[in-house]
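Read the structure below first, then the notes.
The values are calculated or read from the model by the stated rules, or taken from the named source; none is laboratory data. Source: prediction; values computed, not measured. Cβ coordinates were reconstructed from backbone atoms using ideal geometry, including for glycine residues, and neighbour counts include every protein chain displayed. For accessibility, only protein heavy atoms count, side chains too; no ligands or nucleic acids. Shrake-Rupley method; radii C 1.70, N 1.55, O 1.52, S 1.80 Å.
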Amino acid sequence: MQHQKEGTKHFIQQRITAILNIFLGVIVFNFFINNINKSHDLVLVGLSNNLMWLIVILFTLSMSFHMWIGLNHILDDYVDGIKARSLLGKLNLIMVTIVALATSLLMINIGLF
């Protein structure tokens, strides 16, 4: 976050994703609460609904991006060593990318196949 404009951009992006996460999170949470006592097959049928698997993917991508920004801010604030911060930042990006891609691919698999 060396540049002031970049910090402002990340601030706005984090607030937008936070609002988006609230709305999408309520939908996803509601889906799983309503299906808590249903069989695995019925839950998969519900997730294969085009709207539902798309919402789960959007929620996952938004949460992943939000998490990436937040963890980078934590690293900037609390990790003093440049090399350590850089390494942890790269690990953060790798972790967030794996979570986002794995969840998205699984939801596409459920939704389309």
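Could you size up the charge dipole of the chain around its Cα centre, putting +1 on the beta carbon of Lys and Arg and -1 on that of Asp and Glu, and report it in debye to the nearest 20?
Values: 7 positive and 5 negative charges, 30 e Å.
That gives a dipole near 140 debye.
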task = Give me the lysines in straight-line cross-link reach of Lys90: C-alpha distance below 25 Å, same-chain residues under 8 apart excluded.
result = Lys5, Lys9
Relative pair counts by distance (%), Cα atoms of the chain, 10 Å bins = 13, 36, 28, 16, 7, 0
query = For Ser62, what accessible area in Å² do you get when you roll a 1.4 Å probe over the heavy atoms of the protein chains, rounding to the nearest 10?
reply = 10 Å²
key: Size-normalised alpha-carbon gyration radius of region 5-62, reference 2.2 N^0.38 Å   = 1.43
Heavy atoms of Met95 accessible to a 1.4 Å probe, total area in Å² rounded to 10 = 80 Å²
message = Taking the 0 to 90 degree range and rounding to the nearest ten, how far is the long axis of helix 4-34 tilted relative to the main principal axis of the chain, both from C-alpha atoms?
response = 20 degrees
inquiry  = Between Leu112 and Val26, what is the label-point separation in nm under the 7 Å Cα-to-beta-carbon projection?
reply    = 3.1 nm
ask   = For the chain, what is the accessible area per residue in Å² when the probe is 1.4 Å?
value = 70 Å²
